[in-house]
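Below is one structure, written out as structure tokens; the observations come after it.
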Amino acid sequence: MGFLDIANVTKSYGAVEVLHKVDIDVAEGEFLVLVGPSGCGKSTLLNMIAGLEGITSGEIRIKDRVMNGVHPSRRNIAMVFQSYALYPNMTVGKNITFGLEMHGTPKAEREKAMQHVAQLLQIEHLLDRKPGQLSGGQRQRVAMGRALVRNPDVFLFDEPLSNLDAKLRVDMRTEIKKLHQRLGTTIVYVTHDQIEAMTLSTRIAVMFDGYVQQLGTPKEIYDSPANLFVATFMGSPAMNVLQARLVDRDGALYALITAADDQERALRIENAPPAYAAYKDAKVLLGIRPEAITDPEGADRNARNIQSLTNRVTVTEPAGADTFVTMTISGKDCIARMRADADVLPGRDFDFAINMDKAVLFDPKTDLRIA
């Protein structure tokens with residue numbers, strides 16, 4: 001049993017069920033990220049944990065206490081909103097301590113807690129200012145300070161960085177990560193940004209259409225996606241998904257693909273899971289991430305199964321530290337991630353190195369990973 005238990009929870013609006021039997025156990029001190037596209041149900045689930053939305057069926061427990069029907073003020077949770085939700089007529093210090101004041105905390109304790117949080121977030125010099133005098137990043141720190149000062153059981157973050165510019169978003173992401181490492185608090189964090197999910201979390205729940213598609217560590221989600229949605233949603237650029245046929249040649253398994261010249265190429269698969277045997281001579285979907293397709297010099301030296309593929313380059317995109325290269329495989333664009341100085345030009349053939357240790361196969365009928 002977890003510190004926060006979401007047990008078989010559903011949510012319906014009239015006859016329409018928008019969350020379907022969600023089961024997640026969150027350990028104390030864990031950083032769980034709910035990630036998915038708009039409308040997938042992640043914010044609805046967060047609001048149910050907070051008590052801002054009712055539960056249609058199932059249970060939510062915090063520290064083994066059932067929260068169904070418990071008022072938000074009695075759940076000992078703190079929430080950081082996308083919009084900051086600061087009182088514009090109050091100073092930063094007053095914004096931070098207002099909740100404590102409403103709960104009857106003595107002034108001396110409020111002041112001590114405010115100074116501690118202000119020092120933690122490096123906003124001591126802002127305490128006498130009002131929100132209108134602050135930048136977006138400073139306002140977000142104040143919103144976090146208001147949550148931290150209460151010392152809650154669970155912190156809830158609802159897309160807190162989405163209003164910030166790209167550089168500030170990266171900076172604040174680092175600050176939130178440091179804060180979690182320092183305090184060891186239990187956090188549930190909602191975002192549609194898969195980079196935020198990968199970098200911040202100890203575990204990720206990938207959501208789509210009201211279902212948890214996969215729950216696991218960032219490495220599990222990235223390396224072993226449960227289905228095509230997870231495979232293509234998590235990662236930037238997205239995983240390449242290519243039509244292939246699985247064949248057995250002299251006791252070895254190969255994925256047959258079609259290169260740009262319409263000729264078949266065979267990519268050997270080693271240490272195949274037993275489940276692959278049922279797909280011999282059948283069509284499969286071959287999933288391979290861009291960084292697993294590179295030039296021979298840039299290939300992973302620890303990889304056991306690097307396969308060579310000569311193919312025509314269609315587009316190159318220099319991106320500073322990397323060069324992204326597009327080619328055609330099995331009638332689809334396929335992206336490779338090269339070193340910045342890789343000698344690759346559009347319109348020419350190139351010898352690609354494919355790390356087949358990183359390849360995964362999906363059933364084209366069910367979209368599920370074959371494992």
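The values are calculated or read from the model by the stated rules, or taken from the named source; none is laboratory data. If you're wondering where the values come from, they're calculated on a predicted model, not measured in any experiment. When we count neighbours, we look across all protein chains shown, and the Cβ atoms used for this are built from the backbone with ideal geometry, even at glycine. Just so you know, the surface numbers come from the protein's heavy atoms only, side chains and all, with ligands and any DNA or RNA stripped out. Shrake-Rupley method; radii C 1.70, N 1.55, O 1.52, S 1.80 Å.
Structure above, values below:
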| read-out | value |
| --- | --- |
| Theoretical gain in end-to-end length, Lys332 to Ser135 [0.36 nm per residue, Cα-Cα removed] | 66.5 nm |
| 15 Å Cα-Cα reach of Lys283 towards aspartates and glutamates, excluding residues that sit fewer than 8 places from it in its own chain | Asp248, Glu264, Asp363, Asp367 |
| With 20 Å bins from 0: P(r) over the chain, alpha-carbon pairs, percent | 25, 46, 25, 4 |
| Per residue accessible area in Å² of segment 1-89, where ligands, DNA and RNA are left out and the probe is 1.4 Å | 45 Å² |
| Helix-derived mean residue ellipticity, 222 nm - over the chain, DSSP H n ≥ 4, -39500 (n - 2.57), to 500 | -7000 deg cm²/dmol |
| Unit charges on C-beta of K, R, D, E only; dipole of the chain, Debye | 1240 debye |
| Relative contact order, percent, segment 95-235 [alpha-carbon distance under 8 Å, six or more residues apart] | 16 percent |
| Inter-probe distance in nm under a simple model that places probes 7 Å from Cα toward Cβ, at Asp349 and Ser236 | 3.6 nm |
| Carbon plus sulfur fraction of accessible area for the chain, probe 1.4 Å, in percent | 47 percent |
| Computed FRET value (nearest 0.05) for Ser12 with Lys107, which takes r as the C-beta separation and R₀ as 51 Å | 0.65 |
| Accessible surface, per residue, of segment 128-187 when the full set of protein chains is kept, probe 1.4 Å, Å² | 45 Å² |
| Projected-area mean, segment 131-172, by convex hull of Cα positions, square nanometres | 3.3 nm² |
| For peptides 134-142, 201-209, sequence by mean Cβ density within 10 Å, most packed first | 201-209, 134-142 |
| For segment 275-322: accessible area per residue (Å², 1.4 Å) | 54 Å² |
| Cα coordinate range in segment 1-54, projected on the principal axes (Å, largest first) | 35, 22, 18 |
| Inter-site label distance for Thr310 and Ile195 at 7 Å from Cα along Cβ, in nm | 3.8 nm |
| Additional length obtainable on full extension of the chain from Asp250 to Glu28, 0.36 nm per residue less Cα span | 74.8 nm |
